[in-house]
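Comments concern the structure below.
Coordinate-derived values only; no laboratory data. What you see is a predicted model, and the numbers here were worked out from it, not measured in a lab. Here the Cβ positions follow ideal geometry from the backbone for every residue, glycine too, while neighbour counts run over all protein chains shown.
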Amino acid sequence: PLRGVSHRRRELSRVLRLAPHHFDVISAMPSSPNADLFRNPWLNRAFAFLTSLGLASVILLLLTVITLLGTLNQVEERLFDTQKKYIETLWIPDDLNGYPIWLPGTALLMGLFFINLILGTIVKVRKNWKTIGIHVSHAGMLLLIQSSLITHRFAWEGNMALYPGMEYNEVLSYH
């Protein structure tokens, strides 16, 4: 492996000596996913944070915890109230043995996950035929998140209980 790296450096220096006016040192070097994209170091840190795999892992872990808490909460509250409390909010006020805690809501986590997926796919995943499966799976997850937002925003849900032989012209809305 070390011989290959030094060989690439020798080849690069040879090419730069032969045609220095055709190459820029920065554009000839292989790009790194952690390269500084912005002049401001705070923007670089924020961008590195938003594209990190660690952020995606923490988001998925928090989504699992919130799903568990929401499922357990349905024992005490109605489905509609639990959905409003855990799924459709940016922050979840909850208590743990009498101590108040604030958890990020599912809406906030899904928004962060959407941004993380887009930026992480663009910046960190290689673009070649070997990684086409990764791109397709990321595009599928992005489509699911986007379609759930559209459904949440524009869908109208209701219930109509009908028994054999009944006719009814009203629908009971959940919301």
- Message: Just to confirm my numbers, what's the Cα centroid distance between segment 52-73 and segment 137-163 in Å?
- Response: 20 Å
- Message: Is there a quick way to get the dipole size of segment 59-175? I mean about its Cα centre, with the Cβ of Lys and Arg at +1 and of Asp and Glu at -1; what is the value in debye to the nearest 20?
- Response: 980 debye
- For Leu103, list long-range residues whose amide hydrogen, built 1.01 Å from N in the peptide plane, is under 5 Å from its own amide hydrogen. Ile92, Asp94
- Under a 5 Å amide H to amide H cut-off, with H placed in plane at 1.01 Å, what residues pair with Thr51 once short-range neighbours are removed? none
- Query: Name the trypsin sites (Lys or Arg not before Pro) in segment 126-160 that are in a loop by DSSP and that have at most 16 other C-beta atoms within 10 Å, would you?
  - Reply: Arg126, Lys127
- Item | Derived scalar couplings ³J(HN,Hα) [segment 73-87; Karplus, 6.51 cos²θ - 1.76 cosθ + 1.60; whole Hz; x for Gly, Pro] | 5, 5, 5, 9, 10, 6, 4, 4, 5, 5, 5, 5, 6, 9, 9
